[in-house]
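Colleague: If you scroll down you'll find the structure; I have some questions about it.
The values are calculated or read from the model by the stated rules, or taken from the named source; none is laboratory data. All of these numbers come straight from a predicted model, not from anything done at the bench. All Cβ positions, glycine included, derive from the backbone under ideal geometry; neighbour counts span all protein chains shown. What goes into the accessible areas is simple: the full protein's heavy atoms, side chains included, and nothing from ligands, DNA or RNA. Shrake-Rupley method; radii C 1.70, N 1.55, O 1.52, S 1.80 Å.
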Amino acid sequence: ADLHLHSVYSDGLKTPAGLCRMAVKAHVSVLSLTDHDTTTGNADMRRECEKEGLDFIFGCEFSSPWRERRINFHIVGFDFDPEYPEMKEYLAQRSFCEAEQTRILFERGLAEGLLHDITWDEVLDYNRGVTWLCNNHVFNTMKAKGLATDLDYMNFFTTVYGKRRGEVKPPYEFLPIDKMLRLIRDAGGFAVVAHPHNQLHAIPELVSMGLSGLEVWY
């Protein structure tokens, strides 16, 4: 099983179909798509898993801070209902925040001459169906237009995005860890902390908040 995958619906390189083809070649039989703060690709992933005869588990990787401890966790929620009203609203907020920050910095990049010969409508058109739009989606559009190659990525990232995201105040904040764990549970799912490097000391308290497991090997 591979229960931690990202696709082009967030910051991954592969489509759900591409991920499923890789899984078949690797003799992996269970997949979960855990894109960052969005579940937009899960319907596509479910269909592709059915085509390939793979088992599918619904998922999403949420960023969630514990502000008092100054720790930022990545929490993977599995098997929850994305239509649960509070969850549906929160997912919509997260996509709006990411896409709006990306758009604002894109427009600044154009104004400062860091970007050229590309429009936001072209980014939207190239990434149809994607709601959580990050710098990767802008760069992939640039590559498709012949404006950049992979060798240009780091310069693009550091000058247009990177630390500059801090210049744009998000319209909505990330849910704090206690509320995030509660929301996943209320939506019928269970929560696992992803890659808890240097965070193991916090696990007992997270368990008391509703954490069900942790990613140990990936």
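Colleague: Quick test of your reading of the structure: R165 fulfils all but one of (1) assigned to a helix (DSSP H, G or I); (2) among the charged types (D, E, K, R); (3) open to solvent by 60 Å² or more (accessible area, probe 1.4 Å). Name the failing condition by number.
Modeller: Looking at each condition in turn, R165 falls short on (3).
Colleague: Determine which single condition S208 fails, assuming it passes every other condition in (1) surrounded by fewer than 16 Cβ atoms within 10 Å (Cβ to Cβ); (2) under 17 Å from M87 (Cα atoms).
Modeller: In the conditions (1) surrounded by fewer than 16 Cβ atoms within 10 Å (Cβ to Cβ); (2) under 17 Å from M87 (Cα atoms), S208 misses (2) alone.
Colleague: For region 174-188, what are the residues that are open to solvent by less than 30 Å² (accessible area, probe 1.4 Å) and closer than 15 Å to S63 by Cβ? Steps first, please.
Modeller: Narrowing region 174-188 to residues open to solvent by less than 30 Å² (accessible area, probe 1.4 Å): 177, 180-181, 183-184, 187.
Matches in region 174-188: I177, M180, L181, L183, I184.
Colleague: Continuing with this model, one more query. Taking region 72-125 only, how many residues are β-branched (V, I, T), surrounded by fewer than 18 Cβ atoms within 10 Å (Cβ to Cβ) and assigned to a helix (DSSP H, G or I)? Full working, then the answer.
Modeller: Step one: list which residues in region 72-125 are β-branched (V, I, T), which gives 75-76, 102, 104, 118-119, 123.
Filter once more, keeping what is surrounded by fewer than 18 Cβ atoms within 10 Å (Cβ to Cβ): 104, 119.
Narrowing further to those that are assigned to a helix (DSSP H, G or I): 104.
Total satisfying the criteria: 1.
Colleague: Of all residues in region 27-71, how many are among the acidic types (D, E) and either assigned to a helix (DSSP H, G or I) or more than 19 Å from A92 (Cβ to Cβ) (or both)? Explain how you work it out, then say what you get.
Modeller: Taking region 27-71 first, the residues among the acidic types (D, E) are 35, 37, 44, 48, 50, 52, 55, 61, 68.
Remaining after also requiring either assigned to a helix (DSSP H, G or I) or more than 19 Å from A92 (Cβ to Cβ) (or both): 44, 48, 50, 52, 55, 68.
Number of matching residues: 6.
Colleague: To continue, here is another question. Is it the case that region 189-198 has a residue that's in a helix (DSSP H, G or I), hydrophobic (A, V, I, L, M, F, W, C) and buried (at least 16 other Cβ atoms within 10 Å of the Cβ)? First the steps, then the outcome.
Modeller: To start, the set of residues in region 189-198 that are in a helix (DSSP H, G or I) comprises none.
Checked against the condition, which is being in a helix (DSSP H, G or I), hydrophobic (A, V, I, L, M, F, W, C) and buried (at least 16 other Cβ atoms within 10 Å of the Cβ), region 189-198 yields no hits at all.
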